[in-house]
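K.L.:
Have a look at this one.
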Amino acid sequence: MIKRLEWNKKTAALVLGVVFTFSIVTVFLSGRGITIAENTTLDPVEWTFQRPSESVIILDKLDAAYTGDGLSANMYILMIRYLNTSFIGGKDHFIISMAINATISNSNGFIESVHVVAYKDKESTVDWQETDLYLENLSLAARADGYRMDTQAYIKLAGVNHTSNVHATTITFWYLLTPNTQSHQLEVAYEITYYNGTAYNRVVQPFQLNIVGRGET
């Protein structure tokens, strides 16, 4: 693949490795410290798309599922549409739907939180559409859009009343602030923190979106 994309993949992999490669860590959720006994990082789901010269409907769905330790989770990213608006002074962008369903079956178990974190380059922005955020048994704890010089954007959701099942769906706009010939990459990680009846554990599912500049291979 093109040199720029290869460099971005290595950099993103290093970032994910630094963030997720640990066995025990203390995090702070809802204002209290929680010790994570075990972290499980799953294999990334990858998607590659070449920037077209016009707006197109995509409808490519990236699915991932996890079952273990009493937790069942289904996550997806739906690449809905690519809009080419640079010819009228706008910025080319993707409309993306992200969703997760998670259930814990263990006695006394519950979903503590769900975080969706986007790691991006500095030549793109991520805009969560809060008006299109649909939640079941979750509440919005924090949100950060990813502006031009940022490298991260996120939505942090907290479980309500120690619930055993949750659902969340959101719409995201990913703006590419470069000419159509330039490449980009977006790493999206679903982070599920749950209590299995005896300890807090976390499962991380990464997705990697590779956008190849028009005319590049």
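K.L.:
Could you list all residues from the stretch 169-217 that are more than 12 Å from the chain's Cα centre (by Cα), assigned to a strand (DSSP E or B) and of a type outside the set (Phe, Trp, Tyr)?
P.N.:
Hits for the stretch 169-217 are Leu176, His184, Gln185, Thr193, Asn201, Arg202, Val203, Asn210, Ile211, Val212.
K.L.:
So, of the residues in the stretch 176-211 that are in contact with a Lys or Arg (Cβ under 7 Å, 6 or more places away or on another chain) and surrounded by fewer than 21 Cβ atoms within 10 Å (Cβ to Cβ), which turns out to be nearest to Ser53 (Cα to Cα)?
P.N.:
Restricting to residues being in contact with a Lys or Arg (Cβ under 7 Å, 6 or more places away or on another chain) and surrounded by fewer than 21 Cβ atoms within 10 Å (Cβ to Cβ), the top hit is Asn180.
K.L.:
Moving on to the next point. Give me the residue from the stretch 87-113 that is out of contact with any Lys or Arg (no Cβ under 8 Å at 6 or more places or on another chain) and among the aliphatic types (A, V, I, L, M) and, out of that set, surrounded by the fewest Cβ atoms within 10 Å (Cβ to Cβ).
P.N.:
Filtering the stretch 87-113 for residues out of contact with any Lys or Arg (no Cβ under 8 Å at 6 or more places or on another chain) gives 87-91, 93, 96-112.
Then keep just the ones that are among the aliphatic types (A, V, I, L, M); that gives 88, 96, 98-100, 102, 104, 111.
Values: Ile88: 6, Ile96: 23, Met98: 21, Ala99: 16, Ile100: 21, Ala102: 25, Ile104: 26, Ile111: 25.
Applying the filter and picking the extreme gives Ile88.
K.L.:
Surrounded by 17 or more Cβ atoms within 10 Å (Cβ to Cβ) and hydrophobic (A, V, I, L, M, F, W, C): does that describe Phe173?
P.N.:
When the stated conditions are applied, Phe173 does not pass them.
K.L.:
Let me ask something else about it. Identify all residues within the stretch 70-86 that are crowded, with 18+ Cβ neighbours inside 10 Å and of a type outside the set (A, V, I, L, M, F, W, C); write none if there are none.
P.N.:
Tyr76, Tyr82, Asn84
K.L.:
Could you list, in sequence order, the residues of the stretch 89-134 that are assigned to a loop (DSSP other than H, G, I, E, B), of a type outside the set (Asp, Glu) and touching a residue at least 60 places away in the same chain (Cβ under 8 Å)? Give the derivation first.
P.N.:
The first filter runs over the stretch 89-134 and keeps only residues assigned to a loop (DSSP other than H, G, I, E, B), leaving 89-92, 105-109, 121-123.
Applying the additional criterion that residues be of a type outside the set (Asp, Glu) yields 89-91, 105-109, 122.
Result: Lys91, Asn106, Ser107, Asn108, Gly109.
K.L.:
So for the stretch 140-155 (the condition being closer than 19 Å to Ile80 by Cβ, assigned to a loop (DSSP other than H, G, I, E, B) and either β-branched (Val, Ile, Thr) or without any contact (Cβ under 8 Å) to a residue 24 or more places away in the chain (or both)), does at least one residue qualify?
P.N.:
Taking the stretch 140-155 and keeping what is closer than 19 Å to Ile80 by Cβ, we get 145-146, 153, 155.
Retained after the next criterion (residues that are assigned to a loop (DSSP other than H, G, I, E, B)): 145.
Filter once more, so that each one left must be either β-branched (Val, Ile, Thr) or without any contact (Cβ under 8 Å) to a residue 24 or more places away in the chain (or both): 145.
Yes, the stretch 140-155 contains a residue that is closer than 19 Å to Ile80 by Cβ, assigned to a loop (DSSP other than H, G, I, E, B) and either β-branched (Val, Ile, Thr) or without any contact (Cβ under 8 Å) to a residue 24 or more places away in the chain (or both).
K.L.:
Cβ-Cβ below 7 Å, separation at least six or inter-chain, first residue in the stretch 199-217 and in contact (Cβ under 8 Å) with a residue 12 or more places away in the chain and on the phi > 0 side of the Ramachandran plot, second of a type in the set (S, T, N, Q) and in a loop (DSSP other than H, G, I, E, B): which pairs?
P.N.:
Gly215/Thr181
K.L.:
Which of the following residues is at pLDDT 95 or above and over 19 Å from Leu176 (Cβ atoms): Ser30, Ser97, Ser113, Ser107?
P.N.:
Just a single option satisfies the conditions, and that option is Ser113.
K.L.:
Here are some residues: Asn180, Asn201. Which one is of a type outside the set (Asp, Glu), modelled with pLDDT of 95 or more and out of contact with any Pro (no Cβ under 7 Å at 6 or more places or on another chain)? Outline the logic, then answer.
P.N.:
Values: Asn180 fails: modelled with pLDDT of 95 or more.
Only one candidate qualifies: Asn201.
The values are calculated or read from the model by the stated rules, or taken from the named source; none is laboratory data. All values derive from a computational prediction rather than experimental measurement. Because the Cβ atoms are built from the backbone with ideal geometry, glycine has one as well, and the counts that use them run over all protein chains shown.
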